[in-house]
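The values are calculated or read from the model by the stated rules, or taken from the named source; none is laboratory data. Please read these numbers as outputs of a predicted model, since none were measured by experiment. Counting neighbours? That spans all protein chains shown, and the Cβs are built from the backbone with ideal geometry, glycine included. Note: areas computed on protein heavy atoms with side chains; ligands, DNA, RNA excluded. Shrake-Rupley method; radii C 1.70, N 1.55, O 1.52, S 1.80 Å.
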Amino acid sequence: MNQQPRIPDAETRKRHVEKMREVCRQLDALTLNLDELIAIFEADNRRQRRERLAGKYRRVESQVENPAVETASTQTMSASAD
């Protein structure tokens, strides 16, 4: 009625252990690949952010250096709003 689990023979245990070790090796290799991909994506995100910030600060600097350009564009926008 109550069946006890059967312990596999030594050869079967040896095969199962080897399969589990192989699976662990494969998972380690896949994890390493995923870590490398994540590092690539993070580096690309940092590069894109750096470019966006550099562009933003270039625009701000050009507006500070050439306030007449901004004044003219502001006057144009307020005139078109009237």
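Ordered by residue, what ³J(HN,Hα) values in Hz, to whole numbers, does segment 50-56 give under the Karplus form 6.51 cos²θ - 1.76 cosθ + 1.60, where θ = phi - 60° and Gly and Pro are x?
4, 5, 4, 5, 4, x, 4
For the full complex of protein chains and a 1.4 angstrom probe, list 19, 56 by accessible area with the highest value first. Walk me through the numbers on the way to the answer.
On the way: 19 130, 56 100 Å².
In descending accessible area the options line up as 19, 56.
Taking the Cβ of residue 29 as the center, what net charge do the other residues with Cβ under 12 Å away carry, scoring Lys and Arg +1 and Asp and Glu -1? Display every interim value, and only then the final one.
Working: positive: 25; negative: 22, 28, 35, 36.
Neighbour charge sum, excluding residue 29 itself: -3.
Once you list every other residue whose beta carbon is under 12 Å from the beta carbon of residue 8, what net charge do they have if Lys and Arg are +1 and Asp and Glu are -1? It would help to have the intermediate numbers written out before the result.
Numbers: positive: 6, 13, 14, 15; negative: 9, 11.
Net of charged neighbours comes to +2.
Please find the FRET efficiency linking residue 4 to residue 29, where r is the Cβ-Cβ separation and R0 is fixed at 22 Å, and quote it to the nearest 0.05.
Numbers: r = 38 Å, r/R0 = 1.72.
E(calc), rounded to 0.05, equals 0.05.
So, by mean Cβ neighbours within 10 angstrom, what's the order for 20-26, 2-8 with the highest one leading?
Answer by packing, highest mean first, reads 20-26, 2-8.
Farthest toward the dipole's positive end in segment 3-59, which of 20, 37, 5, given Cβ charges of +1 (Lys, Arg) and -1 (Asp, Glu) about the Cα centre?
37
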